[in-house]
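Read the structure below first, then the notes.
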Amino acid sequence: MLGLKLPTDPRWVNIVEKNIEDILTDHAYCEQKATSTAISLIVSFPEYTELVQEMVALVKEEISHFKMVHDKILENGWTLGRDRKDEYVLQLITFFPKGGSRTTQLVHRLLYAALIEARSCERFRLLSEELEDKELAEFYRRLMVSEANHYTMFLGFARQYGDRKEVDKKWNDLLEFEAEIMKNLSKSETIHG
């Protein structure tokens, strides 16, 4: 369904289980960055009314997810740690060349967002199925459903605003690139790393 070319090594969950505090902190920042991405799309592309409407709804949803994760951190007696660089995203966003028309820039940003959401969804599914902590596993199962909806929304907008055939080629090329990135990841207690 997600189209990912390289699934996450299930052993990644073993790393996560030894570092729940770290994964929750990283996850909280992922939700904050997703909120920021939606706001940035509104600011950068205000003329796309349908996109703006969906991004407003997404801001509300993502910030509520941030609160849910932050509450989970507090429930465990921890505090939100410091944000760390997301190597996955830093590598991913080098794929498309900078510049181009506004429409091209928009399509590229939407494709990046779709792929980040797809990988998050895949990771949340793995956590929901493999975590020994059943309460935390259920928490991730609920979030997984939202992430799948976000992935399809971003990909749908890219196809709506760009040339469908060209967008699908870019999407497939980006998926291949992402698989190469993933070969060197899944070794840390981060959502994407």
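Annotations for the structure displayed:
- Yes/no for Lys72 being modelled with pLDDT of 95 or more and of a type in the set (D, E, K, R): yes
Yes/no per residue for (1) over 16 Å from the mean Cα position of the chain (by Cα); (2) among the β-branched types (Val, Ile, Thr):
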{"residue": "Ser101", "(1), (2)": "yes, no"}
{"residue": "Glu130", "(1), (2)": "yes, no"}
{"residue": "Phe139", "(1), (2)": "yes, no"}
{"residue": "Ala148", "(1), (2)": "no, no"}
{"residue": "Thr152", "(1), (2)": "no, yes"}
{"residue": "Arg164", "(1), (2)": "yes, no"}
{"residue": "Leu175", "(1), (2)": "no, no"}
{"residue": "Leu185", "(1), (2)": "no, no"}
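Residue-by-condition table, conditions (1) among the small types (Gly, Ala, Ser); (2) within 27 Å of Gly162 (Cα to Cα); (3) over 16 Å from the mean Cα position of the chain (by Cα):
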| position | (1), (2), (3) |
| --- | --- |
| Lys18 | no, no, yes |
| Tyr48 | no, yes, yes |
| Val69 | no, no, no |
| Asn76 | no, no, yes |
| Ile93 | no, yes, no |
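The values are calculated or read from the model by the stated rules, or taken from the named source; none is laboratory data. It should be emphasised that the depicted structure is a prediction, and the values quoted were computed from it without experimental measurement.
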